[in-house]
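In what follows, a single structure is set out as structure tokens and then discussed.
The values are calculated or read from the model by the stated rules, or taken from the named source; none is laboratory data. As the structure is a computational prediction, the values presented were derived from the model and not from experiment. Using ideal geometry, Cβ is built from the backbone for each residue, glycine included, and neighbour counts are taken over all protein chains shown. Accessible surface is based on the protein model in full, side chains and every heavy atom, while ligands, DNA and RNA are left aside. Shrake-Rupley method; radii C 1.70, N 1.55, O 1.52, S 1.80 Å.
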Amino acid sequence: MSDMKRKPKILVFDLDYTLWPFWVDTHVTPPFKKKGNHVVDARGQNVNYYKQVPDVLRRLTDEGYELGVASRTSEISGANQLLKLFDWEKYFKYKEIYPGCKVAHFSKIQKASGTDYKDMIFFDDEHRNIVDVSKLGVTCIFVKSGVTHSVVEDALKNF
């Protein structure tokens with residue numbers, strides 16, 4: 001028999017300290033650009049992401065999951081620039097990047113997708129966002145040290 005286990009329809013990720021190890025509005029200096037195989041900020045400092053993230057995003061997309069971003073940063077253009085420079089734009093169908101409560105971000109994702117909150121998983125490093133979004137019925141995963149294969153696999157297994 002096929003796997004009867006319920007699967008989420010949309011996986012949504014925070015950016016800062018979830019996909020990359022910094023706050024885009026305070027720890028790095030936009031604008032960003034490619035320098036060889038690296039992305040650097042305006043000061044020439046390398047801007048890195050958590051090591052497993054590109055592979056995780058690729059795998060989830062290959063497995064047919066829809067992905068989204070929900071970030072409350074005030075550095076909207078810098079965050080979008082990094083998504084483009086890291087070549088991650090292709091993975092995210094939903095992008096809600098602006099200051100404010102994440103409930104607003106999820107409301108827009110829900111309206112755009114027509115997907116019930118109960119069919120979403122959200123990964124974030126901030127407890128207040130987990131508390132706010134879980135009240136909607138979204139399965140929320142607290143991310144301690146960036147998104148990894150095991151964090152995502154555990155979330156999907158326990159969904």
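T26 meets the stated requirement of being polar (S, T, N, Q) and open to solvent by 70 Å² or more (accessible area, probe 1.4 Å). Restricting the stretch 91-107 to residues that are of a type in the set (A, V, I, L, M, F, W, C) and not in a strand (DSSP E or B) leaves a set whose member that is surrounded by the most Cβ atoms within 10 Å (Cβ to Cβ) is F106. Looking across the stretch 21-38 at every residue that is touching a strand residue (DSSP E or B) at 6+ places or on another chain (Cβ under 7 Å) and in a strand (DSSP E or B), the one that is nearest to P54 (Cα to Cα) is identified as H38. Scanning for something without any contact (Cβ under 8 Å) to a residue 40 or more places away in the chain and closer than 26 Å to D154 by Cα, does the stretch 65-77 turn up at least one residue? Taking every residue of the stretch 65-77 in turn, none turns out to be without any contact (Cβ under 8 Å) to a residue 40 or more places away in the chain and closer than 26 Å to D154 by Cα.
If the condition is being farther than 20 Å from K95 by Cβ and open to solvent by less than 50 Å² (accessible area, probe 1.4 Å), then the stretch 131-159 contributes G137, T139, T148, H149, V151, A155, L156, F159. Determine which member of the set Q81, Q110 is over 15 Å from the mean Cα position of the chain (by Cα), more than 16 Å from Y17 (Cβ to Cβ) and in a helix (DSSP H, G or I). One residue alone meets the criteria, Q110.
Just one of the listed residues (L57, L11, L15, L67) is crowded, with 21+ Cβ neighbours inside 10 Å, more than 19 Å from V131 (Cα to Cα) and modelled with pLDDT of 95 or more, namely L57.
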